[in-house]
Each structure stands twice: as structure tokens, then as C-alpha cells.
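Undergrad: Below is a structure I'd like to ask you about.
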Amino acid sequence: MESIIRVMRKNKLGIYDFHCHVLPGMDDGCRSVEESIQVMEESLKQGVCAIMATPHYYPRETVESFIIRRKAAYDRLSEKLNENKIRVPMLNLGAEVAWHNGLIYEERLEELCFGKSDYMLLEMPFTKWSSSVLSDVRKLLNMRNIRVIIAHFERYLKIQDKKMIESLLDMDVMIQMNGEYILGFWTQRKAAKMLRNGVVQLLGSDAHNMVQRLPNLGEACRKMSQMGLGDVLMDIQETSVEIFQESIYGSGD
């Protein structure tokens, strides 16, 4: 990954984006290398120092096929960046893995984790969760030894029963919140409450392109500071540094 990793800030506690559809042509995110670069440059302007590329993984393809496509997209982007010496945040590879029946038995599932780490971004179903869904999360944790990060947790709150939400939070999972929830006029108070209560450990822009679902994590972090959540942001940034470093270098065990 070193060919594309460009550390643009000496401040190790910069903004880390753990949910971004920045790889070209992988999913409903950026369609071209040029669009990917626009997203990365805008992220840099907002103070983002590192991005985890998390294209959607769905069961319609094998993990092997997905990894081949992801590497090809990464290589196209890397070539353009290096050729033109474009300043961008650090970049590493992961996936937004959609829960589905049989997920826990997928071969090479660990290769969908963030880089060399065992952290995986999991998108939960947007239907009522059953006990089997939560059972699968437990099996990912205990049987596959994957450290699960729940993607855009706030999106499930209106859909799921309170008991299901509580059961999920009782597990050893991490929670990722989107910048949009922090910035939303109708949602920022709810976001602030969750952040103050320590529910959220990681942030993401969930950026797709420069037309819809734009990069916004720098704005979200500034909003957190304005809301008196500077200490919370610092804790999140420290956790982010540890996870991103592990994604590059491994756990060291």
C-alpha cells in the first residue's frame, strides 16, 4: 500500500474516515478515477488524513472475485495519483460487508477486514432483525475472531426494536456513525447524545461522489467541537489512529 499512502499531516490525531466509497467503479460510489481523486482532495481540504476505502460486498460474488475487482480499482487510482503526484489522504482497503444468510461460513471472509487488521465493517439488514441475525454477529466475533464494526449504526434506530438494539450494543462490537447524522438539523441532538454516552467509537463520511453524498467528515468534526464534544472527538481520533495503524502494519501479535 505504500505506493499510495501519502501522510499529508504531521498531526497523528487528524480525521480518519472509516466509511467511504472512494474506489472507482466498485459500487454505487465513485464511477471514475477522476471522481475518486475529487473526493479524496476534498476530504484532504477538510482535514481528513486517512481514508478506509469500503466498497460494498454483497453475496452475489465471491470474496475472491471482490478482492480481484478491488485491487484493480485501487491500482487504477494509485497509478493516476502517483503519475501526477497528487496530494491525498492516506488510503487503505476494506469493505462494507452486507449481512446475509451464510455470511459466517464465507471462505476468505477475513480478507474483507481493514487491511492487515481483524476489524470488519458490517452493514446490518434494513429489515427487522431476528435472533439469528444477532447470533451471526456473535459468531463473527467468537467463531471467526473478527472484530465487528457496525456501519452507520444510526440508520437502524427507527427500524429495530429497542431490545434488539440493546442486545447488539451488549456485544463486543464497535459503532461507526456517519457525518451526515452529526450535521443533520433534526438529528444532531440525537447524535450528540450518543457521542456523549460513548456509544460511538468511529466516524465515517459514507461519501459516494461529489454530486450526492459528498465528503463531509471535516464539517462533522467541526460541528462536534462547536457542540462541546472536543474530548469525545479526541477519544475517537485516538481509537482511529490505533485501528488504522493496525490495518497497515498488523496487530504485531
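Undergrad: Among the lysines, which fall within straight-line cross-link reach of LYS128, defined as a Cα-Cα distance under 28 Å, with same-chain neighbours fewer than 8 residues apart omitted?
TA: Hits, sequence-local ones excluded: LYS139, LYS158, LYS162, LYS163, LYS190, LYS193.
Undergrad: Using the Cα centre as the reference, give the magnitude of the dipole from point charges on the C-beta atoms of the chain (Lys, Arg: +1; Asp, Glu: -1; all else neutral), rounded to the nearest 20 debye.
TA: Around 640 debye, computed over the chain.
Undergrad: Please rank ARG60, ARG147, fewest neighbouring Cβ atoms within 10 Å first, as an exposure proxy.
TA: Ascending Cβ contact count within 10 Å gives the list ARG60, ARG147.
Undergrad: So, one more: Quick one: 3J(HN,Hα) in Hz for the stretch 146-160, Karplus 6.51/-1.76/1.60 with θ = phi - 60°, rounded, Gly and Pro as x.
TA: Working through the residues one at a time gives 9, 8, 8, 10, 7, 6, 5, 3, 4, 6, 8, 4, 7, 8, 9 Hz.
Undergrad: To the nearest 500 deg cm²/dmol, what mean residue ellipticity at 222 nm is calculated for the chain from DSSP H runs of n ≥ 4 alone, each contributing -39,500 (n - 2.57), summed and divided by the residues?
TA: -12000 deg cm²/dmol, from helical runs alone.
Undergrad: If you don't mind, there's one more thing I want to ask. With point charges of +1 on the Cβ of Lys and Arg and -1 on the Cβ of Asp and Glu, referenced to the Cα centre of the chain, which listed residue (VAL241, MET194, ASN82) lies farthest in the positive direction of the dipole?
TA: MET194
Undergrad: Taking a cut-off of 21 Å between Cα atoms, list the lysines near LYS71, but don't count ones fewer than 8 places away on the same chain.
TA: LYS80, LYS85, LYS116
Undergrad: Using Cβ contacts closer than 10 Å as the measure, can you line up TYR119, TYR57 from fewest to most?
TA: The fewest-first ordering by Cβ neighbours comes to TYR119, TYR57.
Undergrad: Can you give me the Cα centroid spacing of the stretch 49-88 and the stretch 132-146 in angstrom?
TA: 27 Å
Undergrad: Moving on to the next point. Over all alpha-carbon pairs in the chain, figure out the percentage whose distance exceeds 22 Å.
TA: Roughly 52 percent, rounded to a whole number.
Undergrad: I'd like to verify something in the chain: which complete DSSP H helices, judged by Cα projection on the helix axis, reach 24 Å or more and average at least -1.0 on the Kyte-Doolittle scale?
TA: Taking the DSSP H segments of the chain (at least 24 Å long, mean hydropathy at least -1.0), we get 63-84, 230-249.
Undergrad: How do 134-144, 173-183 rank on mean C-beta neighbours within 10 Å, highest first?
TA: Descending packing order for the listed peptides: 173-183, 134-144.
Undergrad: Something else about it: What number, in percent, do you get for the relative contact order of the chain if the mean sequence gap of Cα pairs under 8 Å and at least 6 apart is divided by its residue count?
TA: Worked out over the chain, it gives 24 percent.
Undergrad: According to the square roots a ≥ b ≥ c of the eigenvalues of the Cα gyration tensor, what is the shape class of the stretch 112-182, taking rounded for a/c under 1.5, prolate for a/b larger than b/c otherwise, and oblate for the remainder?
TA: Note, shape of the stretch 112-182 comes out oblate.
Undergrad: Then there's this: Placing unit charges on C-beta atoms (Lys and Arg positive, Asp and Glu negative, everything else neutral), compute the dipole magnitude of the stretch 61-132 about its Cα centre in debye, rounded to 20.
TA: 380 debye
Undergrad: From the residues MET124, LEU168, ILE182, which one has its Cα farthest along the dipole of the stretch 55-202 in the positive direction, the dipole being from +1 and -1 charges on Cβ of Lys/Arg and Asp/Glu about the Cα centre?
TA: So the residue we want is ILE182.
All of the numbers you see were taken from the coordinates with simple rules; none came from a lab. Predicted model only: the values in this text are computed from it and were never measured. Neighbour counts run over all protein chains shown; Cβ positions are idealised from the backbone, glycine included.
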